[in-house]
Every structure is written in C-alpha cells, then in structure tokens.
Amino acid sequence: MDERSPLLTVDGRTLPAQAGADRVTTTVTDQRIDTEVKKGPAIEVAAGQVQVPDTDDYNFSFRKLWAFTGPGFLMSIAYLDPGNIESDLQTGAIAKYKLLWVLMWSTVLGLVLQLLAARLGCVTGLNLADVCRLEYSKLPRFALWMMMEIAIIGSDIQEVIGSAIAINLLSANRIPIWAGVLITGADTFTFLFLESAGLRKLEALFGALITAMGFSFLYMYITVKPNAGDILIGLWFPWCQDCDKDAIQQLVGIVGAVIMPHNIYLHSALVLSRSIDRTNSRKVGEANKYYAIESAIALFVSFLINLFVVAVFAEAFSDAMYHDASLRNAGAWIAEKYGLSMKVIWGVGILAAGQSSTMTGTYAGQFVMEGFIQIRWARWKRVLLTRSIAMIPTICVALLATNQLDILNNWLNVLQSVQLPFALLPILHFTNSQRIMGSFKNGRTLKTVVWLLAVLVMGVNLYLVVLYVDVKQPSYVYVIAALAVALYLFFVIYLAIGIQNIIKLKIWMKKKTGKSADKYEDKLLIYRSRKYAINEKPVPDEIPKD
C-alpha cells in the first residue's frame, strides 16, 4: 500500500482512508475552519467572522438576533432579482390577483429549503459545496460544480440585463441597454473593494438596497391603490378561476423564478460568518433558531415587495395590454400613465434589485467554486476568477440578445428550473443524514414533507420546460435533445438514490453475479464511518474510487 495512504480502522477492520491520496482532516472551531493536509502545508480558510454574544442564557434575545441578522437578508435578495420582478409584473398583468397564493406558498417553500441550507452550514461548519466535495467522487462532483456555474451565469444574465434596463430608464434612454450591460458588468467588480470595509458594513449596504426597493415599490403601491379585498382573496383562495393558458404558464413560471438553485449553496455559506461553538449542541440549536427567525423575516419582506409589484400591475394594466408586460416596456408605460416621477421611482427600484443581486451572485460564484475545487489563491484573485467565469459569458449573451430580452428571460427561467435538482437533492440527502447532521437531522415528518415538496417542485419545473420547448424542430434536434435528457435524468436519478444506496446496489449486484463485493463493502464501511463537526470526528476527503 502507498505509504501516503493512511489507515482507517472501522469495526475492527483496517482500511485505506483514501486510495492513492493524502487524507484530509477537517476540524471546525469557533473561529475558523482549519484544513490540515498531512505531509503538506497547513492552509487556513478564514470565514468573515461576526462575534455572537457568548452567554449561558438561551432565552430569546434581540441582541443575539441582531448578531445573527445578515445572512438571511443577503439570501433574500435572490427572491428580488430583476427576473423575479419581471415575473411579478407579468403575473399581475396576465392573471391579476389570482396567483398571489402561488407567490406566497412558493416563498414558504423557498424558506423551508433555505432553512435546510442554513442548518447544514450551522451544524457542520461547512457549506453545501464543501460537503458535496467531501461526499461525492470526482465525476459527480465536477458535474454538480458545472451545473451550478451554469445556473449562476443564467441568473447573472437576468440581473445584468435588469440593471441595464434601469440605467436606460433613469438616463431617459440616453444610455442604451448594451452600454448599461457593460457598466453593470464593470461595477460588479467593485465587490473586490467592498469587503475591505468589513462584513457588517457590506450587509448594511445590502440592507439599504433592499430598503430602496421596498420604499420604491411601496410608493407605487400607495399611488396606484390596488383593491385590498382582491389581494386577500388572491392570497387565501388557491384557485385560478377562468385562467387561460398564459395564466397557467405564469403560475408555473412563478415557482421557477422564485427558487434559485445556487441560492441554497449561498445561504449554507453565509451562515458560517457567525462565530458558533459547534462542539456545544445547545449553541448550535440556538444558532439554528435565530437563523430561522432572521430568514423568515427576510423572506417575509421579500414577499411583501413582490406582492407590491404584482398588485400594482394587476390594478394598472388593462386586459388589452398584458401582452406588452415586460421589464423593458414597463417604464415607458408607467411614465405615460403616471408621469415621469413614477418612472424614476420604478427605475430606482429595478436598479437596486439588479445591483444587489449581481453582488450576491458574486458571493454565490465564489463559494461554489471555492467549495468544489478548493482554490488556494489570494482572495482578490479568487474573486476575480469566479466573477470573470460568470460575467464574461453574461455580458456576451446580454449584448447579443438585447433585441430579444423577453424570450431570453423566459428561457433563463427554464434554465433555473432544470438546475434546481442539483441543489435540492444534495441538501435533502445531507440534512436527512444522522451521520452528517447528528441530532439535528430532519425528523420523520419533516423528511416526508421536504421530499414531497421536492417531487412537487421538480414536477412543476419539468412542466415549465415542456411549456417552452418548441415542437417544430428538425429531427436531429430531437436526437440531441433525447441524449441530453437521458444524461440529465440519469444524473438526477443518481442524486435521488443517494451515495449509500448506490454502494449497496453495487454490493447486491456483485453478490447476485457471484463476484467478490469486498471492495464495495469496505467502501460502505468507510462511508458510514465519516462523521462531521457536531460529532467531533475527522472527515476523510472522499471515499475510495472504483
């Protein structure tokens, strides 16, 4: 055996911890995540720590809630990006108030998934990308990374175009959309300089942008004066009476627009910014409680802002105009009906949405890449690389498609829908695992609920894809599409089955064919032996490869 491959003793059997590679031991402390590679240099991956009051009083405290406030509001910005705002205005214009219940329950579903992500990060001291790197072998790990990069690029395109439209509106059309795209692409790199001011100041900036959105759309809501009774009926009666095909498509589109796959990865990383004693289960439980409260408040605020937009356009748009309802056309229409001041307020709200979401996209890209491939560069180099990978194709696509923005936005929502299982399935498996989460794993009821929600969301998003696929295509397109769909479904099924069940299946197949299953039995023992931070045991870098 290679002398570099350390031994792992499991149930009295001596096994290689990792075939042909160094073993990585990850220990999570209250101040940082230390990654020590034996026979290699020590590497410190420092999180932007915010100190939490350390007391033995576990009763509710506003002081502690304030210390934990920040990650949830940064996460909530993804629910307010220009893609969501356009979905809101189209929902109001097409279906009036009838689909507000879909918006509300989609936000609730998003909250459930975000809380799972926060709990994973809080309990293990690792973000979702880190856990995927440790749990999956190279090929599925690489595939997950690529899927998330594609999702981030798709989201960035919507955010950059939204900001460009806002700049065009606020400049009275003097700055064309293509120039707005370049301006937005350039100013996202200012993120490199913002972090030097400190994490709390950066969180305050995001809070200010959310406040700007809130006041802008609230002012429009007060001015337009939507019918409060119709809003309440739309919220509490889950039905869409007399809805046509466009309204049904919009119903499905709301779900696709609200839940962003990379946002689950982002939230699991943001919660690491708070200093928590993860060896103390009561401290971890307390952190989960405060993160849940903060996330619920943040998403409630985002829901209200989305509701304002839906209600404004439900009241103001006539039935004959809804086909022109888009982010690009809304500004001119608002100016014509309500005057220049209202157009400026709308533009400020869209600009705040676009700028804040592009900056949180910076965070998401950074955490995903660092988690999956463990870049060891200086921080400014890492941020520059992760932003360039997303922003360069974003700017190119946005510049080439400025005349087809509405069609592009619809397809980008489809793209997000397709990517959702690659965040949803890993987070469900990991948070259901006693081995990973310890006593904080999902209970039986929650496990059943979240799997039902996962099936529902993936079904709804599959329907969204079917809605937008054009049936009039050459035969070779169907062949290529069939191969792509086959690979996609194979990977989704692999993730849904789970690593442990895949290994068990291989053992069963080997024994069924009369072949030795020792290798896979050893692999299963190693897999089961890996414990995370809450159990204060080391985590081998990955299971042996086939």
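The values are calculated or read from the model by the stated rules, or taken from the named source; none is laboratory data. The structure displayed is predicted, hence computed values, not measured ones. Methodologically, a virtual Cβ is constructed for each residue, glycine included, from the backbone with ideal geometry; neighbour enumeration extends over all protein chains shown. In case anyone asks, the SASA skips ligands and DNA or RNA and just uses the protein heavy atoms, side chains included. Shrake-Rupley method; radii C 1.70, N 1.55, O 1.52, S 1.80 Å.
The residues listed here are 322, 290, 265; of these, the one that is at pLDDT 90 or above, farther than 20 Å from residue 363 by Cβ, of a type in the set (Ser, Thr, Tyr) and part of a helix (DSSP H, G or I) is 290.
On the basis of being at pLDDT 90 or above, surrounded by fewer than 24 Cβ atoms within 10 Å (Cβ to Cβ) and not polar (S, T, N, Q), does residue 176 make the cut? The answer is no for residue 176.
Would you check if there is a residue in the range 203-215 being more than 25 Å from the chain's Cα centre (by Cα), at pLDDT 75 or above and surrounded by fewer than 22 Cβ atoms within 10 Å (Cβ to Cβ)?
Taking the range 203-215 as the starting set, the residues that turn out to be more than 25 Å from the chain's Cα centre (by Cα) are 215.
Those left that are additionally at pLDDT 75 or above: 215.
Checking which are surrounded by fewer than 22 Cβ atoms within 10 Å (Cβ to Cβ) leaves us with 215.
Yes; the residues of the range 203-215 include at least one that is more than 25 Å from the chain's Cα centre (by Cα), at pLDDT 75 or above and surrounded by fewer than 22 Cβ atoms within 10 Å (Cβ to Cβ).
Applying a threshold of 9 Å to beta carbon distances and a minimum spacing of six or more residues, or different chains, the list of pairs starting in the range 426-448 at a residue that is free of Cβ contacts under 8 Å to residues at least 24 places away in the same chain and ending at one that is open to solvent by 60 Å² or more (accessible area, probe 1.4 Å) and not in a helix (DSSP H, G or I) reads 432/441; 433/441; 434/441; 447/441.
When residue 97 is tested against (1) within 15 Å of residue 307 (Cβ to Cβ); (2) touching an Asp or Glu at 6+ places or on another chain (Cβ under 6 Å); (3) not in a loop (DSSP other than H, G, I, E, B), exactly one condition is not met: (3).
Listed here are the residues, each with its yes/no results for (1) over 23 Å from residue 416 (Cβ atoms); (2) free of Cβ contacts under 8 Å to residues at least 60 places away in the same chain; (3) surrounded by fewer than 17 Cβ atoms within 10 Å (Cβ to Cβ).
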residue	(1), (2), (3)
220	yes, no, no
228	yes, yes, yes
263	no, no, no
272	yes, no, no
282	yes, no, yes
301	no, no, no
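Against the test of being in a helix (DSSP H, G or I), modelled with pLDDT under 80 and surrounded by 14 or more Cβ atoms within 10 Å (Cβ to Cβ), the options 465, 492 yield a single qualifying residue, 465.
Would you point out the residue of the range 411-453, among those that are of a type in the set (Gly, Ala, Ser) and open to solvent by less than 10 Å² (accessible area, probe 1.4 Å), that is farthest from residue 121 (Cα to Cα)? Working first, answer last.
So in the range 411-453, the residues of a type in the set (Gly, Ala, Ser) come out as 417, 423, 433, 438-439, 443.
Next, from what is left, pick out any that are open to solvent by less than 10 Å² (accessible area, probe 1.4 Å): 417, 423, 438.
Numbers: 417: 24, 423: 14, 438: 13 Å.
Among those residues, the one meeting the criterion is 417.
The residues of the range 495-527 that are without any contact (Cβ under 8 Å) to a residue 12 or more places away in the chain, of a type outside the set (Val, Ile, Thr) and outside any helix (DSSP H, G or I), listed by number, are 514, 515, 516, 517. For the range 285-315, filtering for residues that are over 21 Å from the mean Cα position of the chain (by Cα) and closer than 16 Å to residue 50 by Cβ leaves 1. Have a look at 106, 171 and point out the one that is buried (at least 22 other Cβ atoms within 10 Å of the Cβ), within 22 Å of residue 330 (Cβ to Cβ) and of a type outside the set (Lys, Arg). It is 106. Inspect all residues belonging to the range 298-313 and state whether any of them is closer than 30 Å to residue 63 by Cβ, in contact with a helix residue (DSSP H, G or I) (Cβ under 6 Å, 6 or more places away or on another chain) and polar (S, T, N, Q). Looking for residues that are closer than 30 Å to residue 63 by Cβ, in contact with a helix residue (DSSP H, G or I) (Cβ under 6 Å, 6 or more places away or on another chain) and polar (S, T, N, Q), one finds at least one in the range 298-313, hence yes. The combined condition, being out of contact with any strand residue (DSSP E or B) (no Cβ under 7 Å at 6 or more places or on another chain), modelled with pLDDT under 80 and under 30 Å from residue 500 (Cα atoms), is not fulfilled by residue 439. Could you tell me whether residue 251 is in contact (Cβ under 8 Å) with a residue 12 or more places away in the chain, assigned to a helix (DSSP H, G or I), in contact with a helix residue (DSSP H, G or I) (Cβ under 6 Å, 6 or more places away or on another chain) and open to solvent by 20 Å² or more (accessible area, probe 1.4 Å)? So residue 251 fits the description; yes. Anything in the range 122-148 that is in a helix (DSSP H, G or I) and open to solvent by less than 10 Å² (accessible area, probe 1.4 Å)? List them, or say none. Once the filter is applied, which keeps residues that are in a helix (DSSP H, G or I) and open to solvent by less than 10 Å² (accessible area, probe 1.4 Å), the range 122-148 yields 122, 123, 124, 128, 129, 131, 132, 134, 135, 144, 148.
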